[in-house]
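Peer 1: Input: one structure, supplied below.
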């Protein structure tokens, strides 16, 4: 089977069921070798330090990312986890910046049912 050309995939996650579905479906994409699992914290997160290395909140988030990465690793994919503080009110800009930094071929985002983006996306 010929690959898709999507070797490097970025999966932003907010730990919702929709984001978990993206993680679950990722190994089904032919040719994927590397995955960056990303959580973007709000610019003024409640802990004030979720994006700072070594903070208790960052460690809690990294533990959740490690758990979410487990099925990807079990599928034989190389996984990197990242926690980034949003660079402003639009989290999508931070996602795009990470995609550029990592040479991402595909951004895989779970869409919430009923959202504008979710209306055109169906999962079997």
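The values are calculated or read from the model by the stated rules, or taken from the named source; none is laboratory data. Bear in mind the structure is a predicted one, so any value in this text is a computation, not a measurement. Virtual Cβ from ideal backbone geometry, glycine too; neighbours counted across all protein chains shown.
Peer 1: Which residues, counting only those in the stretch 43-88, are modelled with pLDDT of 85 or more and in a loop (DSSP other than H, G, I, E, B)?
Peer 2: 75, 76, 77, 86
Peer 1: Can you tell me how many residues in the stretch 98-112 are on the phi < 0 side of the Ramachandran plot and either assigned to a loop (DSSP other than H, G, I, E, B) or out of contact with any strand residue (DSSP E or B) (no Cβ under 8 Å at 6 or more places or on another chain) (or both)?
Peer 2: Going residue by residue through the stretch 98-112, those that are on the phi < 0 side of the Ramachandran plot are 98-102, 104-112.
So of that shortlist, the ones also either assigned to a loop (DSSP other than H, G, I, E, B) or out of contact with any strand residue (DSSP E or B) (no Cβ under 8 Å at 6 or more places or on another chain) (or both) come out as 100-101, 104-105, 108-112.
Residues flagged as on the phi < 0 side of the Ramachandran plot and either assigned to a loop (DSSP other than H, G, I, E, B) or out of contact with any strand residue (DSSP E or B) (no Cβ under 8 Å at 6 or more places or on another chain) (or both) within the stretch 98-112 amount to 9.
Peer 1: Next up: Among the listed residues 28, 33, which satisfies the condition of being without any contact (Cβ under 8 Å) to a residue 60 or more places away in the chain and more than 19 Å from residue 103 (Cβ to Cβ)? Give the derivation first.
Peer 2: Working: 33 fails: more than 19 Å from residue 103 (Cβ to Cβ).
Only one candidate passes the filter, namely 28.
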